[in-house]
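In what follows, a structure is listed as structure tokens, so that the remarks can point back to it.
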Amino acid sequence: MTQDDVLFGYRLRLFDLAARTTVTHACRTFGVHRSTYYRWRRQVERSGLEMLRPRERRRPQMPNQLSPLVEQRIVAFSLGQPGFGPRRIAARLARPEWGGLLVSPNGVWRCLARHGLNTRAKRLALAAGYRAPYEPPREPEPEPHLESSRPGELVGIDCFFVGRLHGSKGPVWQITAIDTFSSFAWADLVVCPPGGPTVEHTSALARRIARELQAAGWQLERLLSDNGSEFGRREFAARLPAGVAHGQIRSGRPQTNGHVERLHRTILEECWRPAFARFLQVRYSGLRRQLDHYLETYNYDREHHGRITAGRRPAELVYGARKTEPR
């Protein structure tokens, strides 16, 4: 059944209701003006009910529409001279060598717009596309990921400046770490000297991560950090537990450690900004309680929809998966 058949049946029901009740009631019910009904009724009385069927309408012929030949010449000239605008194209087409075509600049622009060539950029792009040699479509390159197959194989660690809080004797920094396989997160709030966190602060969190993973049956194998002084290669690596390797990303490439960078943004949006908006006076001890509560929710209660987690909680992968015996 086509749309015309539906409309034809709608009009037939209008006439049927008008015959059984009144014209006013039928027109009000079907949302048709009475003058339209009486016009249809005159046609029905003259030619039958088939006159209610919608008639096909041909496309109107515009008196000033350009002929297909003129449009082809405009498009051909615009592609031959893609840098010319509509006014210059109209002036050139009026010359005898182009047949003396009298087309207004506005008409040229409308013709080009109908063919998607109304800007110089589009004309140049089309001309360049025809000139370029054919290249077969390429397979999309795989999205780069840090590959890890088990908890503890690779843990990213970084620092985040929180601010100067009431009751603290220096600037407060957040030291954050995340397991790239399970998305299990660790974080500490520390009061630092003006220069920022030190190796003692960052290595303390690294040792805590190693203990918790070992208690869960996993081995911390590698830590990935940036090139900050708080992760000095020799001094920081010397303070790590035995068997833990330390790697540093290339300078100017923070996306290599994107797991922990994204965790910084998540904690900022879901923990710190609501906390600073909720409390009139933000204290160091209060923020530590907020962070502990948030990490408890993040690791044990919040579903993660990453490439590996796929809707599971991080604690399910760390504590609920099959794992090795603690050493």
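General remarks:
- Among the residues of region 233-248, those identified as within 37 Å of the chain's Cα centre (by Cα) and surrounded by 17 or more Cβ atoms within 10 Å (Cβ to Cβ) are HIS246, GLN248.
- Applying the condition of being hydrophobic (A, V, I, L, M, F, W, C) and at pLDDT below 90 to region 282-304 and asking which residue is surrounded by the fewest Cβ atoms within 10 Å (Cβ to Cβ) yields VAL282.
- Residue match in region 39-46 (condition: free of Cβ contacts under 8 Å to residues at least 12 places away in the same chain, outside the structural domain of THR22 (by TED's automatic domain parsing) and more than 38 Å from the chain's Cα centre (by Cα)): no
- Of all residues in region 147-181 being touching a Ser or Thr at 6+ places or on another chain (Cβ under 7 Å) and among the hydroxyl-bearing types (Ser, Thr, Tyr), the one that is farthest from GLU296 (Cα to Cα): SER148
So that you can scan it fast, the table gives a plain yes or no per residue for (1) under 26 Å from ALA128 (Cβ atoms); (2) modelled with pLDDT under 90; (3) under 40 Å from the mean Cα position of the chain (by Cα):
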| residue | (1), (2), (3) |
| --- | --- |
| ARG87 | yes, no, no |
| ALA91 | yes, no, no |
| LEU101 | no, yes, no |
| SER104 | no, no, no |
| GLY107 | no, no, yes |
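- Selected residue [modelled with pLDDT under 85, assigned by TED's automatic domain parsing to the domain that holds GLY170, under 33 Å from the mean Cα position of the chain (by Cα) and of a type outside the set (Asp, Glu)] from ARG265, ARG278: ARG278
- Within region 1-13, the set of residues being among the hydroxyl-bearing types (Ser, Thr, Tyr) and loosely packed, with under 11 Cβ neighbours inside 10 Å comprises just one member, THR2.
- Residues being touching a Gly at 6+ places or on another chain (Cβ under 6 Å), of a type in the set (Ser, Thr, Tyr) and over 18 Å from VAL190 (Cβ atoms) - total across region 268-304: 0
- Of residues in region 139-189 being among the small types (Gly, Ala, Ser), over 27 Å from the mean Cα position of the chain (by Cα) and closer than 20 Å to VAL244 by Cα, the one surrounded by the most Cβ atoms within 10 Å (Cβ to Cβ): GLY152
- Those helices (runs of 4 or more DSSP H) lying entirely in region 237-327 with at least 1 residues touching a residue at least 24 places away in the same chain (Cβ under 8 Å), of a type in the set (Phe, Trp, Tyr) and under 30 Å from GLU200 (Cβ atoms): 284-300, 314-319
- With respect to being at pLDDT 90 or above and either closer than 23 Å to GLU147 by Cβ or out of contact with any Leu (no Cβ under 8 Å at 6 or more places or on another chain) (or both), ALA206 fits the description.
The values are calculated or read from the model by the stated rules, or taken from the named source; none is laboratory data. In this text the structure is predicted, and so the values were computed from the model without any measurement. Virtual Cβ from ideal backbone geometry, glycine too; neighbours counted across all protein chains shown.
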